[in-house]
1. Examine segment A:52-63 for a residue that is in contact with an Asp or Glu (Cβ under 9 Å, 6 or more places away or on another chain), within 14 Å of chain B (Cβ to nearest Cβ) and either surrounded by 18 or more Cβ atoms within 10 Å (Cβ to Cβ) or among the charged types (D, E, K, R) (or both), and state whether such a residue exists.
2. Does segment B:86-95 contain any residue that is surrounded by fewer than 17 Cβ atoms within 10 Å (Cβ to Cβ), of a type outside the set (A, V, I, L, M, F, W, C) and touching a helix residue (DSSP H, G or I) at 6+ places or on another chain (Cβ under 6 Å)?
3. Out of everything in segment B:1-14 that is part of a helix (DSSP H, G or I) and at the interface with another protein chain (Cβ under 9 Å from one of its Cβ atoms), what residue ends up being farthest from B:GLU223 (Cα to Cα)?
4. Mind checking which residues of segment A:129-147 are of a type in the set (A, V, I, L, M) and more than 13 Å from every other protein chain (Cβ to nearest Cβ)?
5. What single numbered condition from (1) basic (Lys, Arg); (2) over 18 Å from B:ARG200 (Cα atoms); (3) over 13 Å from the mean Cα position of the chain (by Cα); (4) within 14 Å of chain B (Cβ to nearest Cβ) fails to hold for A:LYS68?
6. Taking the criterion of being assigned by TED's automatic domain parsing to the domain that holds B:ILE48, closer than 15 Å to B:VAL38 by Cβ and without any contact (Cβ under 8 Å) to a residue 24 or more places away in the chain, would at least one residue in segment B:271-282 satisfy it?
7. Mind checking which residues of segment B:1-55 are among the aromatic types (Phe, Trp, Tyr) and buried (at least 18 other Cβ atoms within 10 Å of the Cβ)?
8. May I ask you to list the residues in segment A:188-197 that are surrounded by fewer than 22 Cβ atoms within 10 Å (Cβ to Cβ) and modelled with pLDDT under 95?
Amino acid sequence: MIEMQDVYKTYPNGVVALNGINVRIKQGEFVYVVGPSGAGKSTFIKMMYREEKPTSGNIMVNGVNLAKLKDSKVPLLRRHIGVVFQDFKLLPKLNVYENVAFALEVIEESPKVIRKKVMEVLDLVGLKHKIRSYPNELSGGEQQRVSIARSIVNSPKIVIADEPTGNLDPETSWGIVELFEKINDRGTTIVMATHNKEIVNATRRRVIAIENGKIVRDEAKGEYGYDASYV
Amino acid sequence: MTLHTFKRHVRESIKSLGRNGWMTFASASAVTVTLLLVGVFFAVMFNINHFAQKVENDVEIRVHIELTADSRQKDALRRRIEAIPNVKEVRYSSKDEELKRLIKSMGDEGSSFRLFEQDNPLSDVYVVKAAHPQDTVKIAKQIETLPFVHKVNYGQGTVEKLFDALKVARNVGLVLILGLLFTAMFLISNTIKITIFARRREIEIMRLVGATNGFIRWPFFLEGLWLGLLGALFPIAALSIVYYNVYEVYEQRVSLPFFELLPFSPFMWQLSGLLLAIGAGIGIWGSVMSVRKFLKV
């Protein structure tokens, strides 16, 4: 569960990114975060995995207050949150298997368990046949699947995605969203920032719209609500 | 840390040397060049120091005792010399012994001094050694003031000049070596910084998937260690070969009586160990310092 109470964020250069955010996301929800560029979406997302600290307010994630979390405890938090990015963030010199196994090696899992879990998630994302390929040998959609596999390999309760389809063509994007729905069906909370109007309108999930650092709209089965022109 | 994890760190650090091939080469070369210079300097410095120590240890104070002094007064003088701080050793040499020494030191012409055996004009002597050769002059000055001292001889003038020269040589050498090491550390840490900068993405991802700072640091620590050791291999090999040959040639062909080179066997091992340690040290220092920046500690 994610809960934000009166969260404000002012960056050192004076930019006010979040201006009083209050929100509750229950375990197992699928949430789209929408809004114009520069409205505070990314900051909102970054707060959840403690990439940024709030200037004031509380952020509870899985019962931990991130506003008070010590730097040294951040790695432990990250192990329970999967993060997916627009630019995939794969290691170019590691193959598919190694890229996914990386997330488990880091938490000192035993090689036997690593092997089993990695094969499981690669099966789930449909890349079992490409485990020896390197990122530059894969299409964008495939790379994003690897990145998703890495984010869920240690069975996190929450997966946070920052414009995961931003670099992909519409057809591939659909594949990625279907994958997120599959993960969501297993009980994992998904928070996804996106500019993809078609997907938001077609899937009818909870939509949180952020403008000027404030939540301006929060609908259970919402629509994208903006023109696609500025995407 | 589990054994698995440690093995992983070792494996990763070695793999990473291969993956970052050219950067590995660049960093190790920086270590190599530096250690080659440092090694040559050390070899020269240690030999100069060895020479200096030998020369310094040969410096002794010859205290000529008044001819009129009887044995009780001589003993009293001896005790007073021994009471001076930093006096290591006082040896008595009678005038007969002194004459023999003189005759011997003159070689073939020495025999003409045999005449003096009947009526020895020399005086009995205390040979005094200082615990630290640098104190020789001070001690000699003190002895001069004691009763029944006829003359004090320690190579006045020459010894002071020698000590000054050796002091300068040592200090200059020390400054050069320190300067060289300092430059080396910056050179290497910069090279490693470039390799790590190229890998900040890797560090970013490690942080993202929940690696602790300690976990992230380990492979870099080991990589720095390998780089340092790898970089030390060539200088050690090159210096060993060169030193071995120089030593052989010097001992057999040149060999000056007052200057001897440190023998190859213990010296080169010590120097190799020193270079390995320095290489490892700067390698580790360079990589740990560089990775720190990306860990936001």
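1. Looking through segment A:52-63, at least one residue is in contact with an Asp or Glu (Cβ under 9 Å, 6 or more places away or on another chain), within 14 Å of chain B (Cβ to nearest Cβ) and either surrounded by 18 or more Cβ atoms within 10 Å (Cβ to Cβ) or among the charged types (D, E, K, R) (or both).
2. Yes: segment B:86-95 contains one or more residues that are surrounded by fewer than 17 Cβ atoms within 10 Å (Cβ to Cβ), of a type outside the set (A, V, I, L, M, F, W, C) and touching a helix residue (DSSP H, G or I) at 6+ places or on another chain (Cβ under 6 Å).
3. We begin by selecting, within segment B:1-14, every residue part of a helix (DSSP H, G or I); these are B:3-14.
Applying the additional criterion that residues be at the interface with another protein chain (Cβ under 9 Å from one of its Cβ atoms) yields B:4-5, B:8, B:12.
Details: B:HIS4: 18, B:THR5: 15, B:ARG8: 13, B:GLU12: 9 Å.
Among residues in segment B:1-14 that are part of a helix (DSSP H, G or I) and at the interface with another protein chain (Cβ under 9 Å from one of its Cβ atoms), the one farthest from B:GLU223 (Cα to Cα) is B:HIS4.
4. The answer is A:ILE131, A:LEU138.
5. (4)
6. Checked segment B:271-282: at least one residue is assigned by TED's automatic domain parsing to the domain that holds B:ILE48, closer than 15 Å to B:VAL38 by Cβ and without any contact (Cβ under 8 Å) to a residue 24 or more places away in the chain.
7. The one that is among the aromatic types (Phe, Trp, Tyr) and buried (at least 18 other Cβ atoms within 10 Å of the Cβ): B:PHE42.
8. Hits for segment A:188-197 are A:HIS195, A:LYS197.
The values are calculated or read from the model by the stated rules, or taken from the named source; none is laboratory data. These numbers were taken from a predicted model, which means no experiment stands behind them. Note that we place each Cβ from the backbone using ideal geometry, even for glycine, and neighbour counts take in every protein chain shown.
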